[in-house]
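Visitor: Let me begin by handing over the structure; questions about it come next.
The values are calculated or read from the model by the stated rules, or taken from the named source; none is laboratory data. The structure presented is a predicted model; accordingly, all values stated were derived computationally and were not measured. FYI the Cβ positions are ideal-geometry reconstructions off the backbone, even for glycines, and counts take in every protein chain you see. Note: areas computed on protein heavy atoms with side chains; ligands, DNA, RNA excluded. Shrake-Rupley method; radii C 1.70, N 1.55, O 1.52, S 1.80 Å.
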Amino acid sequence: MDNLHKVKWYMFLWDVFLCSLGSYGGPEAHYGVFSSILVKKKKYITEEELTEMIGLYALVPGPSSTQTITAIGYYVGGKLLAIFTFLVWALPAMIVMTLLGMFFTFIDANHAWEPVLTYLPAAAISFIVYAAITLSRKVLKVKTDIILYIIMLILGLLYANLSMWIVPLLLILGGLSYVVPKISEKRNDKLEYKPKWFILIIVVVLALVNEVLSQTFDISILNIYTSFYKYGYSVIGGGQIVVPLMITDLVNNQSIISLNDFLAGYAIDQAIPGLLFSFASFVSARSFDGSSLSFLAGIIGGFSIFLPGILLVFFIFPLWKASRKMPLMKRFLTGVSITAASLIVMTAINQLLKLEVDFKVYAVVVVSTLLLLTKKIPAPIIILLSMLLGFIV
């Protein structure tokens, strides 16, 4: 379906903004918000297309949920809307986290905000559970789908924590398991699209130039840019994965922020709607504490970590759109989608096990999930109610 002339951009961007207000936790929780608002409510894309995008962008470096929603903007209105989608999705969180970094001393001393974190993790997990349910319903069609789904779920539960490479490896194996049995069949799979290799060249050249700059010059604002650009192409998955990398580099090696400030800021970040990669803005602004450049540093740090991943969207999306109807690619994407759904279930299970053993916390998960499934209450309202509950109960 071609949405280029059917969707009013301002309405779509408003819905993207609503997604940013309702998105907490990692990418799996964000997918639940996307499914609720962009698929179920507004039908900008189908559940199948969303699942394929989730699987594909879990295979490439960068913030996967940000890449997914940017790709949805690309699908709905082309390159320009994709850029606006990214800005509406990411910029509010980057600005808020930059300001938090600038005024952190005051905020850290004021503990009045802490009750919002009481039930927020439970509410975020409900979005993961919702995504697991809705995406699984969509991809499981025949017995072989269920078999692959169970196998990948078990493998994910056993091995996903060993390395950040396990998840993309499982996604590739899932896709190949549906391709290999049909590889010998004769077909006319001809890709009528020339990949935009220059985008990959830009990503690589920028990475090489940044390495030279970081080794040649010792300029604080330049170090912020080069460091966060490196994180942007070094991480596959999401914000939780980049955090230990940032601790090793920025806290232990470069010492531009203390561990206490880093961890306290990360805790506050959990109460801020939007993507976890926006934490880069907090760290960047905090590292320039008291400087007139602190706001600029926060924005530069935020954009730097997103830049390589967003560039890759403009490489992957046209390739996906041109190839997804080819028989072998269609089978590969089916396997990837089934694996992606099973891995979201894996994330839901792991996160549920990490919750505090408390009836009230479990009740928030169950009630929030049911509210999402009924589609009666908007996602941002569910998040707001869970935050208010921390002050009441």
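Visitor: Quick test for you: out of S323, S291, S342, S281, pick the one residue that is surrounded by fewer than 24 Cβ atoms within 10 Å (Cβ to Cβ) and in contact (Cβ under 8 Å) with a residue 40 or more places away in the chain.
Guide: Values: S291 fails: in contact (Cβ under 8 Å) with a residue 40 or more places away in the chain; S342 fails: surrounded by fewer than 24 Cβ atoms within 10 Å (Cβ to Cβ); S281 fails: surrounded by fewer than 24 Cβ atoms within 10 Å (Cβ to Cβ).
None of the other options fit; the residue is S323.
Visitor: If Y44 passes every condition in (1) in a loop (DSSP other than H, G, I, E, B); (2) buried (at least 20 other Cβ atoms within 10 Å of the Cβ); (3) under 17 Å from the mean Cα position of the chain (by Cα) but one, which one does it miss?
Guide: (3)
Visitor: Still on this structure: Could you grab the pairs with beta carbons closer than 6 Å, sequence gap of 6+ or different chains, first residue in region 364-375 and more than 15 Å from K40 (Cα to Cα), second one of a type outside the set (G, A, S) and part of a helix (DSSP H, G or I)?
Guide: If the second residue must be of a type outside the set (G, A, S) and part of a helix (DSSP H, G or I), the pairs left are V365/I125; S368/I382.
Visitor: Of the residues G101, G156, which is open to solvent by less than 40 Å² (accessible area, probe 1.4 Å), within 13 Å of I344 (Cα to Cα), part of a helix (DSSP H, G or I) and of a type in the set (G, A, S)?
Guide: Details: G101 fails: within 13 Å of I344 (Cα to Cα).
The unique qualifying residue is G156.
Visitor: Same structure again: Across region 9-23, which residue is farthest from I383 (Cα to Cα) among those that are out of contact with any Gly (no Cβ under 7 Å at 6 or more places or on another chain) and open to solvent by 10 Å² or more (accessible area, probe 1.4 Å)?
Guide: Y10
Visitor: Can you find even one residue in region 322-329 that is more than 20 Å from the chain's Cα centre (by Cα), modelled with pLDDT under 90, part of a helix (DSSP H, G or I) and over 25 Å from I151 (Cα atoms)?
Guide: Of region 322-329, the ones more than 20 Å from the chain's Cα centre (by Cα) are 322-329.
Next, only the ones that are modelled with pLDDT under 90 stay: 322-329.
Of the ones still in play, those that are also part of a helix (DSSP H, G or I) are 322-323, 327-329.
Of the ones still in play, those that are also over 25 Å from I151 (Cα atoms) are 322-323.
Yes, that holds for at least one residue.
Visitor: Considering only residues of region 294-311 that are β-branched (V, I, T) and within 12 Å of P63 (Cβ to Cβ), which is least open to solvent (accessible area, probe 1.4 Å)?
Guide: Narrowing region 294-311 to residues β-branched (V, I, T): 299-300, 305, 310.
Now narrow it down to the ones that are within 12 Å of P63 (Cβ to Cβ): 305, 310.
Working: I305: 1, I310: 22 Å².
It comes out as I305.
Visitor: For region 92-101, indicate whether the set of residues that are among the aliphatic types (A, V, I, L, M) and within 21 Å of V139 (Cβ to Cβ) is non-empty. Before you say what the answer is, go through the steps one by one.
Guide: Here is the first cut: in region 92-101, the ones among the aliphatic types (A, V, I, L, M) are 93-97, 99-100.
Restricting the remaining residues to those that are within 21 Å of V139 (Cβ to Cβ) gives none.
The answer is no, given that none of the residues of region 92-101 is among the aliphatic types (A, V, I, L, M) and within 21 Å of V139 (Cβ to Cβ).
Visitor: Right, L372: open to solvent by 30 Å² or more (accessible area, probe 1.4 Å) and either among the hydrophobic types (A, V, I, L, M, F, W, C) or within 18 Å of the chain's Cα centre (by Cα) (or both) or not?
Guide: Working: open to solvent by 30 Å² or more (accessible area, probe 1.4 Å): no; either among the hydrophobic types (A, V, I, L, M, F, W, C) or within 18 Å of the chain's Cα centre (by Cα) (or both): yes.
For L372, the condition - open to solvent by 30 Å² or more (accessible area, probe 1.4 Å) and either among the hydrophobic types (A, V, I, L, M, F, W, C) or within 18 Å of the chain's Cα centre (by Cα) (or both) - is not met.
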